[in-house]
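Derivation of every value follows stated rules applied to the coordinates shown; laboratory data play no part. Worth saying up front: this structure is predicted, and the values here are computed from it rather than measured. Using ideal geometry, Cβ is built from the backbone for each residue, glycine included, and neighbour counts are taken over all protein chains shown.
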Amino acid sequence: MMAQPFETPVVLLIFNRPAETAAALAAIREVRPSRLLIVADGPRVGNSEDVRACAAARAAAHAVDWPCAVEWHASATNLGCRERVASGLDWAFSQVAEAVIVEDDCLPDPSFFHFCADLLARHRDDPAVMSICGHRCDGPDEHNEPSYVFSRYPSSWGWATWRRAWQLYDPNLACWPDLRSTGWLESLLGDAAAVAYWRRIFDLAAACTDTWDHAWVFTHWLHQAAAIRSRVNLIRNIGFGTGATHTRDASHPLAARPAAAVSFPLRHPVACRRDASFDRRLEWVLFSGMHRRALLEAHHRIQTGRTRPANQRLVSVTATARMPTVPK
């Protein structure tokens, strides 16, 4: 029996990777959304390979072979990651009130889409929640209840949100200069290393570096809103490598981390309350802790006078998630 169409709109973000685009579309095809909005960036100036690759990626995205209303927002020129995602989602949310968002290098488990749809409906009118995220970076969770947690950290690797939340997004972080020296970060994070890390991140984001997602983190924090994070990893990222914009290290522990399925019906938390333990672990594994481990690794190489092989790390992501030295 043919699966029922998935009624929540899906946004697919593409650029110049036809193979990854085809794989992402194949993952989307598993749930047969009835509405698909495609946001495409254009080739970089003077880059003939981009011209070919962007055309091939768009051809791959045209291969929709199920009943579906497909809408395009394609740029003739290269806008870059920051402007293309921001302007593309501005357009998408001028068309729809909520959506699931998939980049060309993120392969969702089919259950991810239903996970998002359930929680988009559940928190549709709840300003305390701004996004729903399918990626899990730090190994299996020791607890099986509930199906997800509330976190201060949104993820851009397979996610969903509402127009009412995206309308708050400011890629320029206009409020940051006034907040920078007020103690706002200190009261929010309560950890000097994390404060130093995020102050630098927001300084760079406000200076118009070619990223969009740090401003999305800032938006969550500015409005004291949570992101929903799945207990299991629902997204496999296949974008690590030399062709990537930011994730160039193909040996990274997060590269192509397997996706799994979430069970239904979802088991909901008793209250919409941030999981502080989860957030401490995530900060240590993925953000300021990763920066500190890189410094330790550099110090280790200097002390030993040896260079590690490219595919080895002093401390792995999954091992670090269980380290007893994780800040409390």
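Values computed for the structure shown
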{"read-out": "Length-normalised contact order for the stretch 79-179 - Cα pairs under 8 Å, 6+ apart - percent", "value": "41 percent"}
{"read-out": "Residue-count net charge about Glu83 - beta-carbon cut-off 11 Å; Lys, Arg +1, Asp, Glu -1", "value": "-1"}
{"read-out": "Likely footprinting exposure, Ser230, Ser111, Ser87, Ser48, fewest C-beta neighbours within 10 Å first", "value": "Ser48, Ser87, Ser111, Ser230"}
{"read-out": "Burial ordering of Thr211, Thr161, fewest other beta-carbon atoms within 10 Å first", "value": "Thr211, Thr161"}
{"read-out": "For Asp104, residues with placed amide H under 5 Å, excluding near neighbours", "value": "Leu13"}
{"read-out": "The stretch 1-87 - percent relative contact order, Cα under 8 Å, separation 6 or more", "value": "36 percent"}
{"read-out": "About the Cα centre, charge dipole magnitude for the stretch 95-164 (Lys/Arg +1, Asp/Glu -1 at Cβ), debye", "value": "360 debye"}
{"read-out": "Built amide H within the under 5 Å cut-off of Ala226, gap 5+", "value": "Val129, Met130"}
